[in-house]
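This report concerns only the one structure given below.
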Amino acid sequence: MKVGHSLWIMPVNRLLKRSKKDFVMFTSNWCPYCTKAKNLLGAKKLSFEEHNLGNHPNLQMAVVQMTGHRTVPAIWDIRGDEPVFVGGADQLQAYL
């Protein structure tokens with residue numbers, strides 16, 4: 001097993017649990033849908049924590065394993081007792 005292999009098994013759950021924001025969003029550079037999602041949350045005065053997958057490629061593997069969602073943004077609503085996977089920007093728009 002590679003040293004970094006275990007890093008992508010549970011990091012998303014840890015990030016979701018420790019966040020103090022309303023939403024957690026996994027993004028990448030140059031992503032118009034990520035910008036759309038950030039603007040939607042900002043317009044609703046909802047806070048979010050952003051994690052750029054370009055800086056953490058192992059997180060992308062974890063997001064895909066957890067959700068099957070292969071594109072960015074990948075957004076969770078963490079306002080309730082358990083995190084709820086929303087999806088991408090279009091799903092967020094419908095969700096809000």
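Bear in mind that the values in this text are calculations on the coordinates, not laboratory data. Values in this document were obtained by computation on a predicted structure and should not be read as measured data. Counting neighbours? That spans all protein chains shown, and the Cβs are built from the backbone with ideal geometry, glycine included.
Percent relative contact order of the chain, based on C-alpha pairs within less than 8 angstrom and at least six residues apart?
33
Please give the net charge around Asp22, taking every other residue with its beta carbon less than 10 angstrom from that of Asp22, where Lys and Arg add +1 and Asp and Glu add -1.
Around Asp22, the charge tally is +3.
Cut-off 14 Å, label point 7 angstrom out along Cα-to-Cβ of Asp22: give me the residues of the stretch 62-84 whose amide nitrogen falls inside.
76-80
Taking every alpha carbon pair in the stretch 3-95, what does the distance histogram look like in 5 angstrom bins from 0, in percent?
3, 14, 27, 27, 19, 7, 2, 1, 0
In nm, what is the difference between 0.36 nm times the number of residues separating Gln91 and Arg70 and their Cα-Cα distance?
This chain segment gains 6.1 nm when fully extended.
Considering only the other residues whose Cβ falls under 15 Å of the Cβ of Phe48, what net charge follows from Lys and Arg at +1 and Asp and Glu at -1?
Within the 15 Å Cβ shell, the charges total +4.
Which residue, Gly88, Phe26, Met66, has the largest displacement toward the positive end of the dipole of the chain when charges sit on each Cβ (Lys, Arg +1; Asp, Glu -1)?
In the chain, that residue is Phe26.
Most exposed first by the Cβ proxy, i.e. fewest other Cβ within 10 Å, how do Tyr95, Tyr33 rank?
Ranking Tyr95, Tyr33 by Cβ neighbours within 10 Å, fewest first, gives Tyr95, Tyr33.
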